[in-house]
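Below is one structure, written out as structure tokens; comments come after it.
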Amino acid sequence: MKLLAIESSAIVASIAIAEDDRLICEYTSNHKKTHSQTLMPMIEAVSQLIELDLKELDAIAIANGPGSFTGLRIGVATAKGLAHALDIPIVPVGTLDALAYNMGPTDQLICPMMDARRNQVYTALYKYEHHQFTQILPSTVVPIETIFNTIKDRQEQVIFLGDGVAPHIEKIQNNFAKEEYVLAPLNNNIQRAASVAALGMNYAKEGKGESYMHFAPIYLRKSQAEREYERKQHSCT
């Protein structure tokens with residue numbers, strides 16, 4: 001099975017091609033350009049580099065949220081357009097699932113965090129239980145203190161990773177002793193399409209692909225525009 005993976009849920013834009021249990025190519029950019037400028041040129045560049053005809057693809061795996069509304073929508077539109085043209089399924093992969101999967105097998109608790117602003121983070125918790133990657137707290141958006149309290153209740157050493165770490169590093173340092181947490185190294189700290197591809201390949205083999213017509217991202221909360229509209233409507237009543 002040959003699969004294209006797309007990750008566009010935050011600032012990072014990342015593309016990967018995998019075939020069965022082999023990662024063929026990954027192209028990742030962590031630069032402030034809009035995904036509408038980068039995704040298709042990245043796909044074209046990768047295709048040329050490895051001499052890939054997109055018609056060879058069997059599925060498209062995509063990080064389906066949570067994350068940036070604009071980033072997710074651009075990624076979803078790209079995936080849907082390609083899936084429609086190629087008549088292949090889309091395989092949804094949770095953004096936080098893939099981010100946590102960067103770490104590989106570990107005895108530590110894994111806590112990916114994406115900056116949701118207003119002192120909130122998109123987050124979840126994961127463990128390797130009996131050598132199986134397992135989500136133990138579903139994806140959610142919460143004040144950062146909430147996830148800290150949940151972690152403390154478990155009394156386990158935790159690995160923090162993701163773009164939600166840097167804005168809250170002082171809070172992490174103030175809430176946890178040095179021996180209670182680890183920060184992921186920079187090569188594993190951002191969203192990577194390689195992890196989307198790895199999980200997506202597993203899901204595809206389990207038959208979890210779906211039609212582009214039915215696929216939709218998971219936002220977890222309303223967009224800023226929707227929240228502002230509701231605030232204005234409430235103030236008018």
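Observations
- Verdict on K55 being touching a residue at least 12 places away in the same chain (Cβ under 8 Å), surrounded by fewer than 18 Cβ atoms within 10 Å (Cβ to Cβ) and basic (K, R): yes
- Conditions (1) farther than 28 Å from Y203 by Cα; (2) in contact (Cβ under 8 Å) with a residue 40 or more places away in the chain: number failed by I144: (2)
- None of I110, I17 is assigned by TED's automatic domain parsing to the domain that holds H168 and modelled with pLDDT of 95 or more except I110.
- Hey, D53 closer than 20 Å to G207 by Cα and not assigned by TED's automatic domain parsing to the domain that holds V121 or not: no
- Every residue from the stretch 98-134 that is among the polar types (S, T, N, Q) and farther than 13 Å from N188 by Cα: T106, Q108, N119, Q120, T123, Q132, T134
- Looking across D153, D97, one residue alone is assigned to a helix (DSSP H, G or I), over 24 Å from I218 (Cβ atoms) and at pLDDT 95 or above. It is D153.
Yes/no matrix, rows are residues, columns are (1) farther than 19 Å from A10 by Cβ; (2) exposed (fewer than 13 other Cβ atoms within 10 Å of the Cβ); (3) modelled with pLDDT under 95:
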{"position": "T123", "(1), (2), (3)": "no, no, no"}
{"position": "H131", "(1), (2), (3)": "yes, yes, yes"}
{"position": "P143", "(1), (2), (3)": "yes, no, no"}
{"position": "A177", "(1), (2), (3)": "yes, yes, no"}
{"position": "Y181", "(1), (2), (3)": "yes, no, no"}
{"position": "N202", "(1), (2), (3)": "yes, no, no"}
{"position": "E228", "(1), (2), (3)": "yes, yes, yes"}
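- Residue check: T34 meets all listed conditions (1) among the hydroxyl-bearing types (S, T, Y); (2) surrounded by fewer than 16 Cβ atoms within 10 Å (Cβ to Cβ); (3) touching a Phe, Trp or Tyr at 6+ places or on another chain (Cβ under 9 Å) but one, namely (3).
The values are calculated or read from the model by the stated rules, or taken from the named source; none is laboratory data. Just so we're clear, the structure is a prediction, and the values are computed from it rather than from any experiment. FYI the Cβ positions are ideal-geometry reconstructions off the backbone, even for glycines, and counts take in every protein chain you see.
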